[in-house]
Amino acid sequence: MGDVEQIGPYRLVRSLGKGGMAEVYLAEHVGPSATTRPIVVKLMRPELHRDERMVKMFLREAQLAARLCHPNVVQVFDLGEDAGRFYLVMERLEGLSWRDLARRLWANGNSLDLGVVLRGIADAALGLEHAHALVDAEGRSTPIVHRDISPDNMMLCVDGATRVLDFGIAKVMGVSETLTATDEVRGKV
């Protein structure tokens, strides 16, 4: 990363990866008396900040994800803008994506334990069911559909629970959406 970068009250520690829309960093929240708390910052890529459609998609992801509060969904804490760069702050999860876990095991000639896989699928289903069952403040159904569930977007945490990540292309059912075109592919095959 070069020099340590500060975004709002968050100090970026190291890069965790890059996607089509954002860069993800391990970071620290710097609080009073220099107390720190480890978090993850998803920072919109600088070349996209002038693209109104991409900004709307990034902000929509933050708004949708912030509505979710479930032990099988990554928790979103904050959304902000600093020097024209939008960022999303999430809890730091310790563990591996299901993709990375499988690759590590397979590289060593091992396989995934069926019981562990089934527990992970059940956990992800519980998190997705929470998103599908959301209601607004007036009690109206406002289900969120993830639309990009994959081993990359599921993390097996050290506590044994699987958590769903990345609601970047999620859709609120019953709400017309013009951010993705009919012939446009988003997410992974």
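Listing for the model above:
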| item | result |
| --- | --- |
| Some residue of the stretch 91-101 being of a type outside the set (A, V, I, L, M), more than 22 Å from LEU26 (Cβ to Cβ) and loosely packed, with under 15 Cβ neighbours inside 10 Å | no |
| Answer residue from the stretch 115-149, given it is modelled with pLDDT of 90 or more, more than 17 Å from GLN75 (Cα to Cα) and not aliphatic (A, V, I, L, M) and is surrounded by the most Cβ atoms within 10 Å (Cβ to Cβ) among those | GLY120 |
| Hey, VAL74 closer than 20 Å to VAL40 by Cα, open to solvent by less than 30 Å² (accessible area, probe 1.4 Å) and not charged (D, E, K, R) or not | yes |
| Residue ID - modelled with the lowest pLDDT, chosen from residues in the stretch 1-39 that are among the charged types (D, E, K, R) and surrounded by 15 or more Cβ atoms within 10 Å (Cβ to Cβ) | GLU5 |
| Counted residues, the stretch 150-160 - those being under 15 Å from LEU126 (Cβ atoms) and open to solvent by 20 Å² or more (accessible area, probe 1.4 Å) | 5 |
| Every residue from the stretch 70-104 that is closer than 18 Å to PRO38 by Cβ and of a type in the set (Val, Ile, Thr) | VAL74, VAL76, VAL89 |
| Where a residue in the stretch 40-53 is hydroxyl-bearing (Ser, Thr, Tyr) and open to solvent by 60 Å² or more (accessible area, probe 1.4 Å) and its partner, wherever it lies, is in a strand (DSSP E or B) and at pLDDT 90 or above, with Cβ under 7 Å and at least six apart | none |
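The values are calculated or read from the model by the stated rules, or taken from the named source; none is laboratory data. Just so you know, these numbers come straight off a predicted model, no measurement behind them. Glycine also receives a Cβ, built like all others from the backbone with ideal geometry; neighbour counts cover every protein chain displayed. Remember, those area values only see protein heavy atoms, side chains included, never the ligands or the DNA or RNA. Shrake-Rupley method; radii C 1.70, N 1.55, O 1.52, S 1.80 Å.
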